[in-house]
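Input: a single structure, listed below in structure tokens.
The values are calculated or read from the model by the stated rules, or taken from the named source; none is laboratory data. Worth saying up front: this structure is predicted, and the values here are computed from it rather than measured. Please note: Cβ atoms are built from the backbone with ideal geometry, for glycine as well, and neighbour counts cover all protein chains shown.
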There are 2 protein chains.
Amino acid sequence: MGQLQPADFEHTLEAALQEMGAGPQLPVVICGMAGSAQGWVEAPYVDLPASTAALAAQAVRVKTAQRPVYIIPGICQSPEIAADVIRGEETLLLGLSLLETIDGLVCLPGTHSKWARVRGQVIEAFHTAMTGEVYALLSSSSTLSHFMNHPITDLSENAAFRSAVAEALAAPEKILQALFSVRAIPLLATDAAERDMPARLSGLLIGLEIASQNPPRSSQVTLVANGHLADAYQSAFDVAGIDYHTFDAEALACAGLFEMARQIMPDVFSKPESEQI
Amino acid sequence: MGQLQPADFEHTLEAALQEMGAGPQLPVVICGMAGSAQGWVEAPYVDLPASTAALAAQAVRVKTAQRPVYIIPGICQSPEIAADVIRGEETLLLGLSLLETIDGLVCLPGTHSKWARVRGQVIEAFHTAMTGEVYALLSSSSTLSHFMNHPITDLSENAAFRSAVAEALAAPEKILQALFSVRAIPLLATDAAERDMPARLSGLLIGLEIASQNPPRSSQVTLVANGHLADAYQSAFDVAGIDYHTFDAEALACAGLFEMARQIMPDVFSKPESEQI
């Protein structure tokens, strides 16, 4: 989205579809930042509580040369509760609700981690934590950068990561001090300590993110993540004593988008399968 | 310090002294980053508790062509308590202790805010909060930057600043979410709201810094700051119900450096005043 002007989207989409061998009439349903004010066509936010039906009803049809293209709106939470916005994750959350009976907290970690309260097929509330972005900024552009040169390997059993998570859970209000320790520890300790600093910074910020939820021990969180991010959050949930089920984001996006397509274009799906595009 | 190689310091100092009309034999006492490992000559950290006498005793004499030059060491706090380091502020703190009887918390806000516990003329403990640096990074280089274009004017009576301080004091663990609101509020509210975002971001981070101290209401903090920074912290202390006295940093640096000079070079100061350099 950041690299395209509105006029570029259709061509870019068609090129990608051609590469996939998609037929010229295949309808397209899109979620995420293509619907933002700086995207292809703005799809205004839907209010909470939000269901698949509400999002499908307010999907925006894009004027295109050939195929039908729809953009799913994001969701907003009003400033009276706590101003917040989602674009894209709503589709994953509703995809998840089709695959699993959810009644509780769902965590989608990332640059802007999303935590949502989902009941059945309705998103009731959510908020965004800037965890990944703050980590990236501090790693690359702060006075801590000098101590962040060692790659993080495996966080699932990393002692520096786990003790940092515990530290942030116990005293989240001290985060601005704890961050400085990523500089002070290597200045005062052995060279070996410096190797732990990327895992320490990650643990402090993920621990802080979890502390903000204040989830009781033994509560259940649904985690939508894969790879290193899944390892990190699973390890942090272990430290916090939180139970979790993990789902892969891609499968949920497919499920959510397909259900949106069904609801936006019921006529396409009501035809016998042999006549469907 | 960041712009000089070790070999450049003497020339740069001499040029500045010449501009000031200082005599060629005038001794010089320096505090701050000139004594760091990347500075002119490293002055290793002194352990806590730290007094003027201990710092003066471990000042490092620099080999120079003409005048005596000493660098005051910084202070470190061991990793067993909470790894932390200070360079420069120790001299302000000991300057303060000469001008005022201190028994409590001293706050020196800035890029890296320092909070110290000072009793008489001894620094007992301290820590560093990365408040100013985190503010600068988020303002200039994050997804919040787009909403940070309006200049902050007066924070002493700024409602957006004060409510953000109160919010961070009440729920410091929610900071990663509160930061995102600096983006979400302008997306959802009127244009006027965007104007408040720099003050809001400042209030959230300063409120968080104060929350980490957990100072009881009506406690007394000595604030070392001037200008806009003094206005901001005074206003935040008002919101937190904390009493404060404010001192100007420059006066404290002069008092601290002069006392260090007396203790490092007692012979210079024991001469009759007419013979002093």
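Structure data summary
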| quantity | calculated |
| --- | --- |
| Selection from the stretch A:133-173 of residues that are under 19 Å from A:Pro215 (Cα atoms) and either acidic (Asp, Glu) or touching a strand residue (DSSP E or B) at 6+ places or on another chain (Cβ under 9 Å) (or both) | A:Glu167, A:Glu173 |
| Pick from the stretch B:215-247, criterion in a strand (DSSP E or B) and of a type in the set (A, V, I, L, M), ranking: surrounded by the most Cβ atoms within 10 Å (Cβ to Cβ) | B:Val224 |
| Yes/no for A:Ile185 being crowded, with 24+ Cβ neighbours inside 10 Å and within 14 Å of another protein chain (Cβ to nearest Cβ) | no |
| Flag for B:Ser156 being of a type in the set (Ser, Thr, Tyr), surrounded by fewer than 20 Cβ atoms within 10 Å (Cβ to Cβ) and closer than 28 Å to B:Leu93 by Cβ | yes |
| In the stretch A:129-156, the residues that are acidic (Asp, Glu) and under 15 Å from B:Ile175 (Cβ atoms) | A:Glu133 |
| In the stretch A:98-116, the residues that are in contact with a Leu (Cβ under 9 Å, 6 or more places away or on another chain) and crowded, with 18+ Cβ neighbours inside 10 Å | A:Ile102, A:Val106, A:Cys107, A:Leu108, A:Pro109, A:Ser113, A:Lys114, A:Trp115, A:Ala116 |
| Hits in the stretch A:47-61 - residues which are buried (at least 19 other Cβ atoms within 10 Å of the Cβ) and touching a helix residue (DSSP H, G or I) at 6+ places or on another chain (Cβ under 8 Å) | A:Ala50, A:Thr52, A:Leu55, A:Ala56, A:Ala59 |
| Residue selected from the stretch B:188-214 under the condition in a helix (DSSP H, G or I) and polar (S, T, N, Q), by the criterion farthest from the other protein chains (Cβ to nearest Cβ) | B:Ser202 |
| Cβ-Cβ under 7 Å pairs, at least 6 apart or on other chains, the stretch B:11-37 side small (Gly, Ala, Ser), far side in a helix (DSSP H, G or I) and modelled with pLDDT of 95 or more | B:Ala34/B:Phe9 |
| Hits in the stretch A:97-117 (condition: of a type in the set (Ser, Thr, Tyr) and more than 9 Å from chain B (Cβ to nearest Cβ)) | A:Ser97, A:Thr101 |
| Pick from the stretch A:46-85, criterion in contact with a strand residue (DSSP E or B) (Cβ under 6 Å, 6 or more places away or on another chain) and of a type in the set (Ser, Thr, Tyr), ranking: farthest from the other protein chains (Cβ to nearest Cβ) | A:Tyr70 |
| Contacts under 8 angstrom Cβ, first residue in the stretch A:225-243 being over 15 Å from A:Ser163 (Cβ atoms), partner assigned to a helix (DSSP H, G or I), 6 or more apart | A:Ala225/A:Tyr233; A:Ala225/A:Ala249; A:Asn226/A:Ala249; A:Asn226/A:Glu250; A:Tyr233/A:Ile206; A:Phe237/A:Ile210; A:Ile242/A:Ile210; A:Asp243/A:Phe237 |
| Within the stretch B:1-57, tally of residues that are of a type in the set (S, T, N, Q), within 14 Å of B:Ile71 (Cα to Cα) and out of contact with any Lys or Arg (no Cβ under 7 Å at 6 or more places or on another chain) | 2 |
| The stretch B:118-153, residues that are within 14 Å of chain A (Cβ to nearest Cβ), part of a strand (DSSP E or B) and surrounded by fewer than 22 Cβ atoms within 10 Å (Cβ to Cβ) | B:Ala125 |
| Residues that are of a type in the set (Val, Ile, Thr) and part of a strand (DSSP E or B), drawn from the stretch B:96-116 | B:Val106 |
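One line per residue, one yes/no per condition, for (1) within 26 Å of B:Gln263 (Cα to Cα); (2) of a type outside the set (Phe, Trp, Tyr); (3) assigned by TED's automatic domain parsing to the domain that holds B:Val29; (4) in contact (Cβ under 8 Å) with a residue 40 or more places away in the chain:
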residue	(1), (2), (3), (4)
B:Pro79	no, yes, yes, no
B:Thr111	no, yes, no, no
B:Ala116	yes, yes, no, no
B:Phe126	yes, no, no, yes
B:Leu137	no, yes, no, no
B:Leu144	no, yes, no, yes
B:Pro151	no, yes, no, yes
B:Leu155	no, yes, no, yes
B:Arg162	no, yes, no, yes
